[in-house]
Amino acid sequence: MSRNQANIYFTNEQEKEKLFRDAVYGTERLKEIEVFSKFSDPELKKLHSYGKMLKVRSKVNIVIEGERSSGLYILMSGRVSVYKSDDSSHNLARFAILEEGASFGELSLFDDAPRSATVIAETDSLLFFLDANDFHKFLAESGPELKIKFYQTCAVYLAERFRKLNVDYINSQQLLWKYALRKEV
């Protein structure tokens with residue numbers, strides 16, 4: 001058990017268990033995740049059966065930057081913040097707040113690289129967790145066509161993210177130079 005798993009536990013609350021076990025609801029939530037967008041409803045229903053519901057207390061680290069990647073999380077309720085380490089000051093800088101319906105950790109489904117950010121629960125939160133090993137078992141059982149479909153979708157997803165990052169970087173550099181030059185004049 002990792003150091004933050006002691007603060008993550010399975011919920012026994014009847015209402016939330018019912019929600020988790022509802023394959024139709026779970027299928028709809030998984031369909032909203034871009035890397036699963038090309039999966040059929042039966043494929044998503046099967047994938048849903050591999051997941052677990054986790055209840056996380058406020059202020060608990062859900063994932064920690066630099067630790068081993070382990071799977072995908074979907075925020076069913078609550079709010080979490082995403083932090084990145086600032087190499088110069090060694091402080092955490094918040095760069096996103098995620099709310100119900102958001103997902104994180106999807107890169108760990110096709111890459112074992114260490115976590116790229118820290119995610120901390122801002123409120124008590126309910127999460128659907130899909131372990132990366134279980135996901136790979138699901139792909140292996142589903143056959144090569146689904147595996148190809150998944151990796152093609154991932155390639156498009158990453159290309160779109162990369163293009164957006166390029167545009168954001170160019171815009172930020174233009175603003176930086178615009179204001180830096182204005183101050184020197």
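Every number in this text was worked out from the coordinates using simple rules, so none of it is lab data. Note that the coordinates shown come from a computational prediction; the quantities given were computed from them, not determined experimentally. Glycine also receives a Cβ, built like all others from the backbone with ideal geometry; neighbour counts cover every protein chain displayed.
Going by how many other beta carbons lie within 10 Å of each one, how would you line up Ile120, Ile62, fewest first?
In increasing order of surrounding Cβ atoms, one gets Ile120, Ile62.
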Cα-based Rg of the chain normalised by 2.2 N^0.38 Å, two decimals
1.17
Dipole of the chain, Cα-centred, from +1 at each Lys and Arg C-beta and -1 at each Asp and Glu C-beta, to the nearest 20 debye?
280
Alpha-carbon centroid distance for the pair the stretch 119-163 / the stretch 70-118, whole angstrom:
14
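Using alpha-carbon pairs under 8 Å, 6+ residues apart, how would you state the relative contact order of the chain in percent? It would help to have the intermediate numbers written out before the result.
On the way: 292 pairs, mean separation 46.2, N = 185.
RCO, the chain: 25 percent.
For each of Ile97, Ile33, count neighbouring Cβ atoms within 10 Å of the residue's Cβ, then give the residues from fewest to most.
Final ranking by Cβ density, sparse to dense: Ile97, Ile33.
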Below 11 angstrom from the Cβ of Ser108, what's the summed charge of the other residues (Lys, Arg +1; Asp, Glu -1)?
-3
Quickly estimate the mean residue ellipticity at 222 nm for the chain, helices only: each DSSP H run with n ≥ 4 gives -39500 (n - 2.57), and the total goes over all residues, rounded to 500.
-13500 deg cm²/dmol
